[in-house]
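Below: the structure, in structure tokens.
The values are calculated or read from the model by the stated rules, or taken from the named source; none is laboratory data. Bear in mind the structure is a predicted one, so any value in this text is a computation, not a measurement. With ideal geometry, Cβ positions are generated from the backbone for all residues, glycine too; neighbour counts draw on all protein chains shown.
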Amino acid sequence: MTGTETSPTPDLSVNLAGMVMKNPVMTASGTSGYGPEYSPYLDITSLGAFVTKAVTVAERKGNPQPRTVETPGGMLNAIGLANAGLEDFLTEKVPYLSELGIPVIVNVAGHDAEEFATVCRALDEVPCITGLELNVSCPNVSDGLDYGSDAARLEPLVARVRKDVRRAKLIVKLSPNVTDISAMAQAAVNGGAEILSLINTLGGMAINVDTFKPMLANVTGGLSGPAIRPVAVRLVHKVYTEVAREAGVPIIGMGGIANWRDAAEFHLAGAAAIAVGTATFVDPTVLNQICDGLSKYLTRKGLHSIGDLVGQVRT
Ligand SMILES: Cc1cc2nc3c(=O)[nH]c(=O)nc-3n(C[C@H](O)[C@H](O)[C@H](O)COP(=O)(O)O)c2cc1C
């Protein structure tokens, strides 16, 4: 098949370990709140899935301001997992999310395994929540990377949460700030992760040379946006070829995706689905544009589905 005007419309739907999405495009955690903040700018129900900002047991105020700064080809953030806590999420945010009718993934953070488990146990009881994404990769809180940078701690953490999660898909979000991301991916899979998501932000710092002060009150932050895309593509390809393909664990790829070409690159590297964060600050409709672009790209290539792209880079 060569891809002509008469070709059937390609199938953009993807199935991530049983989580069925009508297209492979979702928000990246922390960049579009809990939904209502984003809904004036984009029909959220058009997305393959919606991913919330982090939820922790207790309210967290986050880091002091300023906590974002623009950098070449991206931005640094040090939000510090600010959120209103589990109870507020259940009473204030879930009613909106339960009306969406698309898969909802909640990003979960905690100081220790019990806190992760407490949040996940409660959210597993909420029918509209399709996936739980364990954020073991936040560079902006003091203990954010304790689990995500140590395979010997990550596996028991995931296994502990696994015991309490019976229904929702368990996703582990990996950090690029490690020596061997595949070791972390393997630990997550051994612990019971059904899906891997990567990458979280890269540790970074910017200094105001007039005042000699760091641009972020937290001193350091996490770098996101187009500047990190080649790093993210490499790590998705590494995790796909070294761990995920053989384990049959799908990857949600992210890091600097700003258009359909970037998305296609991640699929070719091994991502079954993709998430977009920083680029939505420039244009919230970019997620819909990516879907349209991917559909036309598949047609031009004579391919039938997103699955035909996954991991197909010719190395
Ligand atoms: C302002 C901001 C807040 C973020 N908050 C979270 C968060 O709460 N949990 C998380 O796992 N990742 C968080 N991230 C990381 C993103 O989900 C994503 O992994 C990263 O930004 C790379 O994607 P991007 O280049 O498309 O933004 C945040 C990123 C930004 C820019």
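Results for (1) at pLDDT below 95; (2) part of a loop (DSSP other than H, G, I, E, B); (3) surrounded by fewer than 24 Cβ atoms within 10 Å (Cβ to Cβ), shown as yes or no for each residue.
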| site | (1), (2), (3) |
| --- | --- |
| VAL233 | no, no, yes |
| VAL236 | no, no, no |
| TYR240 | no, no, no |
| ALA244 | no, no, no |
| ALA263 | no, no, no |
| SER295 | no, no, yes |
| VAL310 | no, yes, yes |
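Does VAL286 satisfy being under 19 Å from ALA17 (Cβ atoms) and of a type outside the set (Asp, Glu)?
Details: under 19 Å from ALA17 (Cβ atoms): no; of a type outside the set (Asp, Glu): yes.
Here the answer is no, as VAL286 does not meet what is asked.
Within the range 39-68, how many residues are exposed (fewer than 13 other Cβ atoms within 10 Å of the Cβ) and of a type in the set (S, T, N, Q)?
Residues that pass the stated criteria total 2.
Identify all residues within the range 38-87 that are out of contact with any strand residue (DSSP E or B) (no Cβ under 9 Å at 6 or more places or on another chain), within 14 Å of the ligand (Cβ to nearest atom) and within 27 Å of ALA273 (Cβ to Cβ); write none if there are none.
If the condition is that a residue be out of contact with any strand residue (DSSP E or B) (no Cβ under 9 Å at 6 or more places or on another chain), within 14 Å of the ligand (Cβ to nearest atom) and within 27 Å of ALA273 (Cβ to Cβ), then GLY73 is the only one that fits.
So that you can scan it fast, the table gives a plain yes or no per residue for (1) of a type outside the set (Ser, Thr, Tyr); (2) within 13 Å of the ligand (Cβ to nearest atom):
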residue	(1), (2)
THR241	no, no
ILE252	yes, yes
ALA272	yes, no
THR278	no, yes
VAL286	yes, yes
ASP292	yes, no
LEU298	yes, no
HIS304	yes, no
VAL313	yes, no
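Condition first: outside any strand (DSSP E or B) and either free of Cβ contacts under 8 Å to residues at least 12 places away in the same chain or touching a Leu at 6+ places or on another chain (Cβ under 6 Å) (or both). Now tell me which residues in the range 217-229 satisfy that.
Of the residues in the range 217-229, the ones outside any strand (DSSP E or B) are 217-219, 225-229.
The one that is outside any strand (DSSP E or B) and either free of Cβ contacts under 8 Å to residues at least 12 places away in the same chain or touching a Leu at 6+ places or on another chain (Cβ under 6 Å) (or both): ILE228.
Could you tell me which numbered condition ARG229 fails, if it satisfies all but one of (1) near the ligand (Cβ under 9 Å from one of its atoms); (2) closer than 22 Å to VAL189 by Cβ?
(2)
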